[in-house]
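Presented below is the structure to which this report refers.
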Amino acid sequence: MYKLNHILIIDDDQINNLFSQIVLEDADVSSMVSVCHSVPEALDFLRAAEVTGDTAFPDLILLDISMPSMDGFDFLDRYYAMGYNERHQTFISMFTSSDEQDYLQRARQYEVVVGFITKPLSIPTLNNILALQDSTRAENKLS
């Protein structure tokens, strides 16, 4: 498994963000970790990363499903509408505090989604997500 350049966390839960950052730093899987607290903030962040190039576009996004005003699926819809899925090889894992089958079915519409993380993030869960990301990258190279 290689080290990622950039992981972006999108979650309105400050405590989960802090905990996730600690797990990511302890695991040493990324050179940079950024946090956005809402979908609009994250979309602005991605737009700036793509336009200015000051920040690397994320390799992995950890996306909360349940957020006020705009949720994780709203983010995915806009992510696709803006064409990021076509221009970047970013994968997205979705944070959830429940095990709702509806979420799993909806997420299958988006090929960039490589799994679900039940809060809080743990090293074994992170390793599973990174392994899924690696295998998906390998499959995409073969096709």
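Looking across I92, I61, I22, I65, one residue alone is β-branched (V, I, T), free of Cβ contacts under 8 Å to residues at least 12 places away in the same chain and within 22 Å of G115 (Cβ to Cβ). It is I22. Only one entry of L62, L130, L104, L43 meets the criterion of being aliphatic (A, V, I, L, M) and touching a Lys or Arg at 6+ places or on another chain (Cβ under 7 Å), and that entry is L43.
Set side by side, the residues S69, S38, S97 differ, and just one is under 14 Å from the mean Cα position of the chain (by Cα) and not β-branched (V, I, T), which is S38.
When L43, L18 are checked against the criterion of being assigned to a helix (DSSP H, G or I), loosely packed, with under 13 Cβ neighbours inside 10 Å, at pLDDT 95 or above and not β-branched (V, I, T), a single residue qualifies: L18.
Filter the stretch 109-119 for residues that are within 12 Å of F73 (Cβ to Cβ) and over 10 Å from the mean Cα position of the chain (by Cα); which is surrounded by the most Cβ atoms within 10 Å (Cβ to Cβ)? Residue satisfying both the conditions and the ranking: Y110. Tell me which residues, restricted to the stretch 67-102, are under 19 Å from D44 (Cα atoms) and of a type in the set (S, T, N, Q). Answer for the stretch 67-102, where residues must be under 19 Å from D44 (Cα atoms) and of a type in the set (S, T, N, Q): S69, N85, Q89, T90. When E50 is tested against (1) closer than 21 Å to L76 by Cβ; (2) in contact with a helix residue (DSSP H, G or I) (Cβ under 9 Å, 6 or more places away or on another chain); (3) buried (at least 18 other Cβ atoms within 10 Å of the Cβ), just one condition goes unmet, and that condition is (3). Of the residues making up the stretch 51-64, those that are modelled with pLDDT of 95 or more and out of contact with any strand residue (DSSP E or B) (no Cβ under 6 Å at 6 or more places or on another chain) number 1. Listed by first and then second residue, the pairs linking a residue in the stretch 102-124 that is of a type in the set (S, T, N, Q) to a residue that is modelled with pLDDT of 85 or more and not in a loop (DSSP other than H, G, I, E, B), with Cβ atoms under 7 Å apart and 6 or more places separating them unless they lie on different chains, are S122/V23. Would you check if there is a residue in the stretch 76-86 being in contact with a strand residue (DSSP E or B) (Cβ under 6 Å, 6 or more places away or on another chain) and surrounded by 20 or more Cβ atoms within 10 Å (Cβ to Cβ)? Within the stretch 76-86 (the criterion being in contact with a strand residue (DSSP E or B) (Cβ under 6 Å, 6 or more places away or on another chain) and surrounded by 20 or more Cβ atoms within 10 Å (Cβ to Cβ)), the answer is no, since none of the residues qualifies.
I'd like to check something: does the stretch 30-39 contain any residue that is in contact (Cβ under 8 Å) with a residue 60 or more places away in the chain and not in a loop (DSSP other than H, G, I, E, B)? Taking every residue of the stretch 30-39 in turn, none turns out to be in contact (Cβ under 8 Å) with a residue 60 or more places away in the chain and not in a loop (DSSP other than H, G, I, E, B).
The values are calculated or read from the model by the stated rules, or taken from the named source; none is laboratory data. Owing to the predicted nature of the structure, the values given are computational and were not obtained by experimental measurement. Positions of Cβ are generated from backbone atoms using ideal geometry, with glycine treated the same way; all protein chains shown enter the neighbour counts.
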